[in-house]
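Single-structure report; data block below.
The values are calculated or read from the model by the stated rules, or taken from the named source; none is laboratory data. Owing to the predicted nature of the structure, the values given are computational and were not obtained by experimental measurement. All Cβ positions, even for glycine, are placed from backbone atoms using ideal geometry, and neighbour counts span all protein chains on display.
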Amino acid sequence: MTSADHVLDLIRGNPDVSNLLEGAFDFDISRGDQGEDIRLPSGALMRGFASDAAGGTYFLCGEPSGRQPVVYASSEGQAGLIADDLTAALEIIIGLPCWHDCLKFSGGGDVEAMQIAAGYLEQDLAEYEPDIGEHRARLADALSLDMTSTAELVSKLREAVARTEPDLVLLGDEGEDGAYESLFGTFLPSDNPGWR
């Protein structure tokens, strides 16, 4: 059994964990089929294993016998590497639940912009999900995760997404012409009127 399969079995075997991941962190392991014909440039194996409410899919890439990077593909045509393995991906998903918006307001991948956005997003999250700290602690304990600071998670996420090209760019039916866009958005935190 691979490391990723072991973690997925832990989640599947504990309904409290899987329900908390889905409810508080928008990570649903009951659905993993993206529904489109997509592939990696190398032709390496891709396995959809989870999704989010917006229709995005998480993929384990590469052979199960080796390290399997996690690539996320949105339903709107963006995709990229988010972590080098499932454990690291879960640390980002749980420790930085608004990671999508952190990338959206990254100014094309600027780590300082991401750090600023993360600060605002964490404030917003604490308002509408006051138990988020307790949820994080429960999941970290159940899944043996190393929960680090928001700043460190932002840096790890930025580094991972920046390493998407060339090997982990998702290609659609049209090959290179159908390549998914980067997960780095062009907005800056100052573009969000609620953060001024």
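So which residues in the range 58-81 are among the β-branched types (Val, Ile, Thr) and either in contact (Cβ under 8 Å) with a residue 60 or more places away in the chain or not in a strand (DSSP E or B) (or both), if there are any at all? The one that is among the β-branched types (Val, Ile, Thr) and either in contact (Cβ under 8 Å) with a residue 60 or more places away in the chain or not in a strand (DSSP E or B) (or both): Val71. Screening the candidates Ser74, Ser106 for the property of being of a type in the set (S, T, N, Q), under 25 Å from Trp195 (Cβ atoms) and crowded, with 20+ Cβ neighbours inside 10 Å yields one hit, Ser106. Among the residues of the range 161-168, is there at least one that is closer than 18 Å to Val70 by Cβ, surrounded by 14 or more Cβ atoms within 10 Å (Cβ to Cβ) and at pLDDT below 95? Yes, some residue in the range 161-168 is closer than 18 Å to Val70 by Cβ, surrounded by 14 or more Cβ atoms within 10 Å (Cβ to Cβ) and at pLDDT below 95. Contact map, the range 36-52: residues that are over 16 Å from Gly62 (Cα atoms) and of a type in the set (D, E, K, R) paired with residues that are modelled with pLDDT under 95 and outside any loop (DSSP other than H, G, I, E, B), Cβ distance under 8 Å, separation 6+ or inter-chain. Pairs shown: Glu36/Gly172; Asp37/Gly172. Kindly provide the set of residues from the range 11-57 that are assigned to a loop (DSSP other than H, G, I, E, B), under 14 Å from Leu143 (Cβ atoms) and of a type outside the set (Gly, Ala, Ser), ordered by number. Those that are assigned to a loop (DSSP other than H, G, I, E, B), under 14 Å from Leu143 (Cβ atoms) and of a type outside the set (Gly, Ala, Ser): Asn14, Phe27, Ile29.
Filtering the range 101-117 for residues that are aromatic (Phe, Trp, Tyr) and free of Cβ contacts under 8 Å to residues at least 40 places away in the same chain leaves an empty set.
Looking only at residues in the range 1-24 that are farther than 20 Å from Cys98 by Cβ, surrounded by 11 or more Cβ atoms within 10 Å (Cβ to Cβ) and of a type in the set (Asp, Glu), the one that is modelled with the highest pLDDT is Asp9. Of the residues making up the range 169-196, those that are in a loop (DSSP other than H, G, I, E, B) and surrounded by 14 or more Cβ atoms within 10 Å (Cβ to Cβ) are Val169, Leu170, Tyr180, Ser182, Leu183, Phe184, Gly185, Phe187, Leu188, Asn192.
Would you check if there is a residue in the range 151-159 being in contact with a strand residue (DSSP E or B) (Cβ under 8 Å, 6 or more places away or on another chain) and either at negative phi or exposed (fewer than 14 other Cβ atoms within 10 Å of the Cβ) (or both)? Looking through the range 151-159, at least one residue is in contact with a strand residue (DSSP E or B) (Cβ under 8 Å, 6 or more places away or on another chain) and either at negative phi or exposed (fewer than 14 other Cβ atoms within 10 Å of the Cβ) (or both). Assessment of the range 147-170 against the conditions (more than 18 Å from the chain's Cα centre (by Cα), aliphatic (A, V, I, L, M) and under 26 Å from Pro15 (Cα atoms)) yields no matching residue. Looking at Ala142, Ala117, Ala126, Ala160, just one residue is under 27 Å from Asp191 (Cβ atoms), in contact with a helix residue (DSSP H, G or I) (Cβ under 6 Å, 6 or more places away or on another chain), of a type in the set (Gly, Ala, Ser) and part of a helix (DSSP H, G or I), and that residue is Ala117.
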